[in-house]
2 protein chains.
Amino acid sequence: MDYLGEIESLKNQLSFSETIKDTDYDQIVIAGMGGSGIAGKIFQELYTEKPVRLVEDYRIPKFVNKNTLFIAVSYSGTTEETLSAATQAKRQGAHLVTISSGQQLSKLGHQNIILPNSSLQPRAAVGYLLVPLLRSFKISTERELNLAYRSIAGLDKNSEECKKHAAKISAEKKIPVIYSGAPFKSVAYRWKTQMNENAKVICYANYFPELNHNDTVALAKTYRKDLFYFLVLESDYPEIRKRVELTASITNTEFHVIKAKGKSVTERLFYLIHFGDYLSYHLGKLRGVDPGDVTLVNEIKKGLVKNDYSPQTRL
Amino acid sequence: MDYLGEIESLKNQLSFSETIKDTDYDQIVIAGMGGSGIAGKIFQELYTEKPVRLVEDYRIPKFVNKNTLFIAVSYSGTTEETLSAATQAKRQGAHLVTISSGQQLSKLGHQNIILPNSSLQPRAAVGYLLVPLLRSFKISTERELNLAYRSIAGLDKNSEECKKHAAKISAEKKIPVIYSGAPFKSVAYRWKTQMNENAKVICYANYFPELNHNDTVALAKTYRKDLFYFLVLESDYPEIRKRVELTASITNTEFHVIKAKGKSVTERLFYLIHFGDYLSYHLGKLRGVDPGDVTLVNEIKKGLVKNDYSPQTRL
């Protein structure tokens, strides 16, 4: 399957039905990096029934113990930060659930969820990685996931809107900036990482209302503002949409608002994710880079191994 | 006091001795925005004995209840997101502690910590806002705070290193990018916000090892890389320092590493915070903007009030 095919497989990933068997713990810690870590970030934003802590590093919090459900997510199953975190979590007595396509990580958990396909790029597997969390914690219903399938399937990868943004960014070599607001703060970060990995451009993400306390000042008075291209993922909340309007007007900034489609948060979530997948893919193509190629990420991994910076031996 | 005087008052803020009386709760939620929110972000990174959740928005997590210590931080005491969050926290039965210089917020808590000075810019009050947390949760000892005083007092605001970076950024109208690693991930975000508010430039922050899964690809292949100026706050951990080295070499990027000084995390933390205060202040001065002026943040607030987007009436 070529990389565009991988991206387009997202809709079929939504029917993945494995779930976490035992979720009855006091708190949840979820570890994952990069394309796998985004599942945890989205989960943390949408699930507020219990404390959820993210781990994006080798080390885990001290409070992790037998009352903790520790979920380690790594598509490859070989991410060294996640392996290190999962190993410590077990040592501290947590109930460990892993989500991966196999390899080392899938041998560590009390429960190991194995994804049905191990040949995707991790960032193209966001459905497989996220859907078990959405199902297990009843964030999404079966019906909502079905509607999300339709929502994604109906998204035209060659839509005028999508191609227009990619063309403008590419033609003027702009640096994309992604803004968002609840409940899609984490999706802005997803877009940023897709811009980095698919389009190979520097990009940054921030969200309302927090950015009104800092970015706003820069937007009004910075140099080089014309080099940036501001994409704003529409929030569900009226006070945030009002802030977007006010910020554009007070700082005299052009915001390109991307409206989510769908009735439920689940549908809008996947719509926005997929729109960003396509936009960043088009931008990469227009730039003449290969959206699917991220060998550099692996070069860093190899450099660490060569220097024996494997964490398990040290932590 | 002029704004530079406000920045320099940080060292004296470290002796502020008020603490949270009762910390015996299952989990901690800490709400705050912008210059006040940074205290919570730093606290969340350094305190891992219990689950800590940040709130940077109007709404709070569902799990907040009588077992929750809810800390609301707003220097002004009038931040609408924080007032909304604190009001809901009380309604959900949490033990509410407020940290502010007075106003509405200081009337809401079961305990209200009032800061000794209400005339600072919130971002210049980071010591007052953070030290009660460091003391209450035994993150810093008295001795470490005393040493941090010396560490800050000894930091020359006109050091060659500090002025060199500001001059280079300003002369070539560069966009600063701040990278960091544990235990100072949150300090990179502090620098970003200070660059926004003091120097009025667009800036973004990210941290290792997460950025090796996305930014790295962009660093190697993006356009316009020469417009960015990469400042890296040195991590305490060898595997992260190795990653910094590898990333610079594999992506052929010039990283300007800022080394923290001091024996304890507390000393290094305040040293790095203060270095960023000065650097962003100098950059503002070189750009010919007023580092102390952030009237734009207030314009947003006024625009919301005028339109009756006050959250208390709606949530």
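The values are calculated or read from the model by the stated rules, or taken from the named source; none is laboratory data. Here the structure is a predicted model, which is why all the values come from computation and not from measurement. Note that each Cβ is placed from the backbone with ideal geometry, even for glycine, and that neighbours are counted across all protein chains shown.
If you go through region B:81-88 one residue at a time, do you hit one that is of a type in the set (Ser, Thr, Tyr) and under 18 Å from the mean Cα position of the chain (by Cα)? Yes, there is a match, as at least one residue in region B:81-88 is of a type in the set (Ser, Thr, Tyr) and under 18 Å from the mean Cα position of the chain (by Cα).
Here B:Leu279 does not qualify as among the aliphatic types (A, V, I, L, M), more than 30 Å from B:Leu4 (Cα to Cα) and crowded, with 22+ Cβ neighbours inside 10 Å.
In the condition set (1) crowded, with 20+ Cβ neighbours inside 10 Å; (2) closer than 25 Å to B:Ser280 by Cβ; (3) hydroxyl-bearing (Ser, Thr, Tyr), A:Tyr223 is compliant with all but (1).
Can you name the residue in region A:167-177 that is within 20 Å of the chain's Cα centre (by Cα) and of a type in the set (A, V, I, L, M, F, W, C) and is also surrounded by the most Cβ atoms within 10 Å (Cβ to Cβ) among such residues?
Of region A:167-177, the ones within 20 Å of the chain's Cα centre (by Cα) are A:175-177.
From the residues that got through so far, the ones that are of a type in the set (A, V, I, L, M, F, W, C) too are A:175, A:177.
Details: A:Ile175: 23, A:Val177: 26.
Ranking the candidates gives A:Val177 first.
Taking region B:1-22 as the range and being acidic (Asp, Glu), touching a helix residue (DSSP H, G or I) at 6+ places or on another chain (Cβ under 8 Å) and farther than 24 Å from B:Gln111 by Cβ as the test, only B:Glu6 passes. Among the residues making up region B:191-222, a single one is under 18 Å from the mean Cα position of the chain (by Cα), within 12 Å of A:Cys203 (Cβ to Cβ) and within 7 Å of another protein chain (Cβ to nearest Cβ): B:Tyr204. A residue that is within 22 Å of the chain's Cα centre (by Cα) and closer than 30 Å to A:Asn298 by Cβ cannot be found anywhere in region B:152-161.
Among the residues of region A:135-152, is there at least one that is touching a His at 6+ places or on another chain (Cβ under 9 Å) and either outside the structural domain of A:Tyr271 (by TED's automatic domain parsing) or surrounded by fewer than 19 Cβ atoms within 10 Å (Cβ to Cβ) (or both)?
Among the residues of region A:135-152, at least one is touching a His at 6+ places or on another chain (Cβ under 9 Å) and either outside the structural domain of A:Tyr271 (by TED's automatic domain parsing) or surrounded by fewer than 19 Cβ atoms within 10 Å (Cβ to Cβ) (or both), which makes the answer yes.
Consider B:Ala248 carefully, then state whether it is over 20 Å from A:Asn212 (Cα atoms), among the small types (Gly, Ala, Ser), touching a strand residue (DSSP E or B) at 6+ places or on another chain (Cβ under 8 Å) and in the same structural domain as B:Glu172 (by TED's automatic domain parsing). So B:Ala248 passes the test.
Within region A:1-44, the set of residues being more than 10 Å from every other protein chain (Cβ to nearest Cβ) and of a type in the set (Ser, Thr, Tyr) comprises A:Tyr3, A:Ser9, A:Ser15, A:Ser17, A:Thr19, A:Thr23, A:Tyr25. Restricting attention to region B:272-290, the residues that are within 18 Å of the chain's Cα centre (by Cα) and among the small types (Gly, Ala, Ser) total 2. In a residue-by-residue description of region B:23-36, the property of being of a type in the set (A, V, I, L, M), out of contact with any strand residue (DSSP E or B) (no Cβ under 7 Å at 6 or more places or on another chain) and touching a residue at least 60 places away in the same chain (Cβ under 8 Å) applies to no position. Every listed requirement among (1) surrounded by fewer than 24 Cβ atoms within 10 Å (Cβ to Cβ); (2) of a type in the set (S, T, N, Q); (3) more than 9 Å from every other protein chain (Cβ to nearest Cβ) is met by A:Ser180 save one, (1).
Screening B:Asp290 with (1) among the acidic types (Asp, Glu); (2) modelled with pLDDT under 95; (3) not in a helix (DSSP H, G or I) gives one miss only, at (2).
Residue pairs whose Cβ atoms lie under 6 Å apart, sitting 6 or more positions apart in sequence or on different chains, and linking a residue in region A:63-74 that is within 9 Å of A:Ala86 (Cβ to Cβ) to a partner that is part of a loop (DSSP other than H, G, I, E, B), are A:Phe70/A:Ala94.
For A:Tyr47, the conditions (1) in contact with a Pro (Cβ under 8 Å, 6 or more places away or on another chain); (2) surrounded by 20 or more Cβ atoms within 10 Å (Cβ to Cβ) are fulfilled apart from (1). Residues considered: B:Ile240, B:Ile152. Of these, the only one that is of a type outside the set (D, E, K, R) and more than 30 Å from B:Ser15 (Cβ to Cβ) is B:Ile240. B:Val201 meets all of the listed conditions (1) buried (at least 20 other Cβ atoms within 10 Å of the Cβ); (2) in contact with a strand residue (DSSP E or B) (Cβ under 6 Å, 6 or more places away or on another chain) but one, namely (2). Counting only residues that are in contact with a Pro (Cβ under 6 Å, 6 or more places away or on another chain), closer than 18 Å to A:Ala39 by Cβ and not acidic (Asp, Glu), region A:66-98 holds 1 of them.
Among the residues of region B:1-24, those that are surrounded by 16 or more Cβ atoms within 10 Å (Cβ to Cβ), farther than 21 Å from B:His282 by Cβ and not polar (S, T, N, Q) comprise B:Leu14, B:Phe16, B:Glu18, B:Ile20.
Assessment of region B:84-103 against the conditions (within 11 Å of chain A (Cβ to nearest Cβ) and either acidic (Asp, Glu) or touching a Gly at 6+ places or on another chain (Cβ under 8 Å) (or both)) yields no matching residue.
Can you tell me which of B:Val232, B:Val217 is over 26 Å from B:Arg287 (Cβ atoms) and hydrophobic (A, V, I, L, M, F, W, C)?
Numbers: B:Val232 fails: over 26 Å from B:Arg287 (Cβ atoms).
Exactly one residue qualifies, and that residue is B:Val217.
With respect to B:Glu254, determine if the residue is more than 7 Å from chain A (Cβ to nearest Cβ) and acidic (Asp, Glu). Taking the combined requirement at face value, the residue satisfies it. When you look at B:Ile30, is it under 16 Å from B:Pro132 (Cα atoms), of a type in the set (Val, Ile, Thr), crowded, with 24+ Cβ neighbours inside 10 Å and in contact with a helix residue (DSSP H, G or I) (Cβ under 6 Å, 6 or more places away or on another chain), yes or no? When the stated conditions are applied, B:Ile30 passes them.
Take region B:257-302 and flag every residue that is within 14 Å of chain A (Cβ to nearest Cβ), farther than 21 Å from B:Cys162 by Cβ and charged (D, E, K, R). Selection gives B:Asp293, B:Glu299, B:Lys301, B:Lys302.
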